[in-house]
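First the structure, in the form of C-alpha cells, and then the observations on it.
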Amino acid sequence: MATATRAEAPPPPRSAAGPPPLERTSHGDRVFKLILTLGAAAIPVLLAFLVVELWTGARLAVAKFGLGFVTSSVWDPVAEQFGAFPLIFGTLISSVIALLIAVPLSLGVAIYLTEFAPKALRQPVAFLIGLLAAIPSVVYGLWGIFVLIPILRKSVFPLLRDGLGFLPFFQGPIYGPSMLAAGVILAIMVMPYIMSVSREVLLAVPNTQREASLALGATRWEAVITTVVPYARSGIFGAVILGLGRALGETMAVTMLIGNRHEVAASLFAPGYTMAAAIANEFSEAVGDMHLSALAYVAFLLFAVTVLVNAGARLLIWRVARGSGAGSNAL
Amino acid sequence: MSTLSIRAITCLGLLLPACGGEQSPALTGAGATFPNPLYAKWFDAYARKTGVRINYQAIGSGGGIRQFTEGTVDFGATDGPMTDQQIAAVHGNVMHVPTVLGAVVVTYNLPALGTTPLRFDGFMLAEIFMGRVTKWNDRRIAGLNPGVALPDQDILVVHRSDGSGTTFIFTDYLSKVSPAWKTTVGSATSVEWPTGLGGKGNEGVTQQVKQSVGAIGYVELAYALANHMPVALLRNAAGNLIEPSLKAVTGAAASAKLSPETDFRVSITNAPGPEAYPISSFTWLLIHRQGTDTTKERQIRDFLHWMLEPEAQRMAADLEYAPLPVPLIELVQQRLGS
C-alpha cells in the first residue's frame, strides 16, 4: 500500500533526509534484518537436519526391509522382523475417525457462535473451547481411560453394535480400548483448533455479504449456507488441515486408548496402533540396533505421511480457494 | 537412535545441576526406570551423608546401556543384562552389579471368585498368554484350582505396550517354562504378543484389567502390593505354590547357584529354591571394570559399598523392592574390592 501511495504522490523532496523512509537503512536496521534472516533460515535448516537424522537412524532398517517395510505387518523385536503397515493404517484411520466426528461438530459450534448465539455468550464459550486446547494430552489420556472408555464400552459401543452390526466396522468383541475410542479422544482434542480457526474465518466474512444475501430474501440459515460458509471455505479447509496435522502426530492420549496391537482389523472395536504411539512406547527400551533403526524408519514414514497429507490438502485448498475471498489469507 | 541427540540430552542433564553453585562434580548415571524410585532415595540419602551427588536419569534400560557404551555417563543401569555382543562393544570393560530384586506378578479380574486366589503354573500362563487357552473354565485351569468355581468367561490378555524390564522378566520366565513360548515368542523388553491388548505402563495394564471382567495381566510386584491388587499364586520349580512377597523374591535370589567367578549376569526366573517366587530378577548397575577417571571410579565403588550395607538395603524393602540375600551381598562386596 505504501508503494502505491508513493507512486501516485509527487516525489518527496530530497533534502538532508536522503532517500524515502522505506529505503533508508541504518546500521541497526541491517543488524535487525540479519537476525531475522537467520531466524527464518533456521527453520529449513532444522527441517533438513531432522530428515537427515531420521534417515541415517533408519538406514539399517531401510537396507534390510526396503519398501516392504511399508506393507509388512510383522513386528517381532525378538526375531528382529519389522513392518509398519498396521501402524500407518492405524494412524490414518484414527485421524479420519477424529475428523469425521470433529469437523461437523466444530463447524456447527463456529457457525453458532458467529451467526446465531446471543452476543453475551459468544466470547465466554469461545474462551472455554480455547481452554480445551491447553489441556495436556496425558490428561486427555487419563480422562479417556477413567471416563470415556467406561462410557463407550457400556453404552455407546453396544448401541453401535446392535444398530449397525451388519457393517464389518461394528462387529466383534468389545474391549474398550480400540481404534474408535482413540478416534473419539482425538476428535475431542482437535475440536478446539478447528473451532477457533473456523470461527476467526467466519468472523472475517464481511457483513455486506450477509446483508446482500438477506436482502435477496434468504433466511438466516440460507444466508449462512449459501453465502457465509462458501465465502470462508478455504479458511475452513485450513482449520481442518490444522486439526488433521494434530491428529496424525498425537501420541500420548492415543497410546493410552488405542489398545496398542500391531494388527489391521476391519472392526473399529478392535485395538490398533499408530506410528507415534509405537515410537513413544518402544524407543526408550529398544536395545537392539535393528529395533531402534526400525523405529527411526517409522518416524521417517510418519514424517512422510504428514508431509504428503498436508501437501494434498494444500492442493485441495488451492483449487477450492480460487474465487473465494475471506480466509484464504488466514492460511 | 542418534548419538547427537542423546549427547545433547545428556549435556543438558549435566549442565542443570552445575547451575546451582558448586562443590564436587556430580556422578552421572542413566538407565532403568523400574528401580528409579529407590535409586532416587538412595542417591539423596547418600548425598546427605557424604556430599557426593549422583545425578540419575531414568531413561530406560536400552538407553542406559547405550549411554554407558558411548561413555556419556559414569554408570548405567539396566533390568536386563547386556548381551555378549554388547559387552564386546565396550571391549569387556563392564561389570554388572546387582542392586536389588524385582518381581512380576500375575493379576486378574474375576469378581465371581471373591478373595480366593487363583493358582497357576508357568506352562499354563504361557498357554494363556499365547491365546491357546481362551476360557476361564478351561479344564486345565480348573485342574490347577480344585474347588474354585471358575466362570464361563472369555480370557482377555493384557500386556505392556511399552518396552519394559517387566516384560523382559515375564517373557524370560515363560521362555524357561514353555518350549512353545520360547520358539514362537521369545524374551525381550517388547515382543510380538500372540494375543491381547497393550496397556502403557503398570498403570495402563492395571486399569485395563480392573475395567474388564475376565482380564489377566502382569505388573511389577511393588506396584501390585501398593495398589492391593489380586495376585495369583504360582507353582515354582520345586513344585510349591508361592504367594508373591519380598521374602519369596529374595529367596529366589538366594537359591540361584552363583559360582564364585560369576559375572552376575544371571537370570533367576524359575529359581530352584523351595520358597522361591519364580518370576524374580536382579536389576543391575553397569560400571567399568577399569575406568579412566580414577576419582569417579573410586566414588562409584564407595557408593556401591554403601548401597550393600543393611541400612540401604532396608530402604529398599520400605519401597517394596526385595533386598539382596546376604551371601550374595558378600560376594558382590568381595568382587568390588575395598
Can you give me the ranges of the helices (runs of 4 or more DSSP H) entirely in segment A:194-313 with at least 2 residues that are closer than 18 Å to residue A:95 by Cβ and of a type in the set (A, V, I, L, M)? A:233-249, A:252-257, A:275-282
Hey, does segment A:127-147 have a residue that's part of a loop (DSSP other than H, G, I, E, B), surrounded by 12 or more Cβ atoms within 10 Å (Cβ to Cβ), touching a residue at least 60 places away in the same chain (Cβ under 8 Å) and out of contact with any strand residue (DSSP E or B) (no Cβ under 9 Å at 6 or more places or on another chain)? yes
Can you name every residue in segment B:103-121 that is crowded, with 22+ Cβ neighbours inside 10 Å and among the small types (Gly, Ala, Ser)? B:103
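For every residue, the table says whether it meets (1) touching a residue at least 40 places away in the same chain (Cβ under 8 Å); (2) in a strand (DSSP E or B); (3) in contact with a His (Cβ under 7 Å, 6 or more places away or on another chain).
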site	(1), (2), (3)
B:254	yes, no, no
B:263	yes, no, yes
B:273	no, no, no
B:286	yes, yes, yes
B:297	no, no, yes
B:330	no, no, no
Check on residue B:162, exposed (fewer than 14 other Cβ atoms within 10 Å of the Cβ) and touching a residue at least 12 places away in the same chain (Cβ under 8 Å): no
I want to confirm something. Restricting to segment B:44-89 and keeping residues that are free of Cβ contacts under 8 Å to residues at least 12 places away in the same chain and away from chain A (no Cβ under 14 Å), which single residue is surrounded by the fewest Cβ atoms within 10 Å (Cβ to Cβ)? B:48
Considering segment A:110-124, residues that are of a type outside the set (Asp, Glu), assigned to a helix (DSSP H, G or I) and over 23 Å from the mean Cα position of the chain (by Cα), and then whichever is surrounded by the most Cβ atoms within 10 Å (Cβ to Cβ), we arrive at A:122
Quick check: is even one residue across segment B:172-182 touching a residue at least 24 places away in the same chain (Cβ under 8 Å) and within 10 Å of chain A (Cβ to nearest Cβ)? no
Being surrounded by fewer than 16 Cβ atoms within 10 Å (Cβ to Cβ), within 27 Å of the chain's Cα centre (by Cα), assigned to a helix (DSSP H, G or I) and modelled with pLDDT of 90 or more, is that true of even one residue in segment A:85-97? yes
Can you tell me which residue in segment B:135-159 is farthest from the chain's Cα centre (by Cα), limited to those that are surrounded by 17 or more Cβ atoms within 10 Å (Cβ to Cβ) and within 14 Å of chain A (Cβ to nearest Cβ)? B:155
How do the pairs read when you match residues in segment A:70-97 that are farther than 24 Å from residue B:182 by Cβ and facing chain B (nearest Cβ under 10 Å) with residues anywhere that are hydroxyl-bearing (Ser, Thr, Tyr) and in a helix (DSSP H, G or I), using Cβ under 9 Å and keeping only pairs 6 or more apart or on different chains? none
Subset of segment B:183-210, residues polar (S, T, N, Q), within 8 Å of another protein chain (Cβ to nearest Cβ) and touching a residue at least 40 places away in the same chain (Cβ under 8 Å), comes to B:189, B:208
Can you list the strands (runs of 3 or more DSSP E) found entirely within segment B:64-161 that contain at least 2 residues being modelled with pLDDT of 95 or more and touching a His at 6+ places or on another chain (Cβ under 6 Å)? none
Quickly run through segment A:173-202 and pick out the residues that are charged (D, E, K, R) and within 14 Å of chain B (Cβ to nearest Cβ). none
Regarding segment A:158-172, can at least one residue be identified that is assigned to a helix (DSSP H, G or I) and either within 30 Å of residue A:117 (Cα to Cα) or within 14 Å of chain B (Cβ to nearest Cβ) (or both)? no
Considering each residue of segment A:204-227, count those that are more than 21 Å from residue A:239 (Cβ to Cβ) and either β-branched (Val, Ile, Thr) or surrounded by 12 or more Cβ atoms within 10 Å (Cβ to Cβ) (or both), and give that number. 9
Regarding segment A:303-311, can at least one residue be identified that is under 19 Å from residue A:56 (Cα atoms) and either within 14 Å of chain B (Cβ to nearest Cβ) or crowded, with 23+ Cβ neighbours inside 10 Å (or both)? yes
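The values are calculated or read from the model by the stated rules, or taken from the named source; none is laboratory data. Bear in mind that the values here come from a model prediction, so they are computed numbers and not experimental data. Every residue, glycine as well, gets a Cβ built from its backbone with ideal geometry; the counts of neighbours run over all protein chains shown.
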